[in-house]
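Novice: Before I ask anything, let me first share the structure, which is written out below as structure tokens.
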Amino acid sequence: MLHTILLILIAVLLLTVFVPVGIALYQRLRTREDDEITLPPSPRPAPPPLPPTVRVKAVELPAQAAQPSGPSKSEPTQLVALGNLQPPSEPQGTEMMRWHGMLLCTGGPLEGQRFIIEEEGFYIGRDPAQAKIVINDSRISKRHVQIIPRGGRVHAVDQNSSNGTFLGKAGGPKVTDVALKRGDIIVLADNAASFAYQV
């Protein structure tokens with residue numbers, strides 16, 4: 001008796017699960033087949049017509065080059081020999097730059113700022129008209145120190161400042177012209193500002 005009830009329950013369970021799943025699968029397969037049959041292939045757009053071209057003889061090129069260039073409504077496209085084209089006046093691509101390092105301000109009002117050292121170098125001072133890096137402090141001279149690449153090294157050159165430029169710390173070796181090494185610190189005046197050389 002118990003076996004019969006279990007068999008009936010299993011049969012009912014199978015019917016309630018498999019019949020809806022089977023119907024859903026059948027409908028999904030049927031709609032895919034209908035879509036594949038009824039969808040017409042999409043037409044490809046035709047390419048746009050090419051503009052008319054005119055061949056130009058090589059002897060005509062210099063005379064045409066003298067004519068002012070400008071857009072013309074009736075002027076057709078012309079074929080020109082590549083050897084006769086003038087190179088562009090501006091350089092194409094990127095220019096190679098030499099990396100000279102940078103200064104990281106480690107003390108003073110610009111602390112945390114980095115300054116890339118370019119080929120022409122720059123001045124540090126109090127006067128914005130004379131220095132690229134400006135520190136508004138009375139201990140700093142108008143043009144205090146110059147940072148400049150020279151001979152493959154970066155130099156710190158004191159500009160006869162009133163309170164001096166020092167290597168390492170205030171009161172350390174006074175700088176007139178020193179080639180900087182990675183990690184060197186230059187101090188302006190009495191700790192008005194300090195910069196670390198980074199490569």
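Rule-based calculations on the coordinates, nothing more; no lab input. It should be emphasised that the depicted structure is a prediction, and the values quoted were computed from it without experimental measurement. Methodologically, a virtual Cβ is constructed for each residue, glycine included, from the backbone with ideal geometry; neighbour enumeration extends over all protein chains shown.
Novice: Place the peptides 145-158, 116-129, 169-182 in order of packing, highest mean first, counting for every residue the other Cβ atoms within 10 Å and averaging per peptide. Please list the in-between numbers first.
Specialist: Values: 145-158: 17.4, 116-129: 15.7, 169-182: 13.4.
The peptides rank, most packed first, as 145-158, 116-129, 169-182.
Novice: For the range 155-160, just list the computed ³J(HN,Hα) in residue order, Karplus coefficients 6.51, -1.76 and 1.60, θ = phi - 60°, integers in Hz, with x standing in for Gly and Pro.
Specialist: Computed from phi, the couplings for the range 155-160 are 10, 10, 10, 5, 9, 6 Hz.
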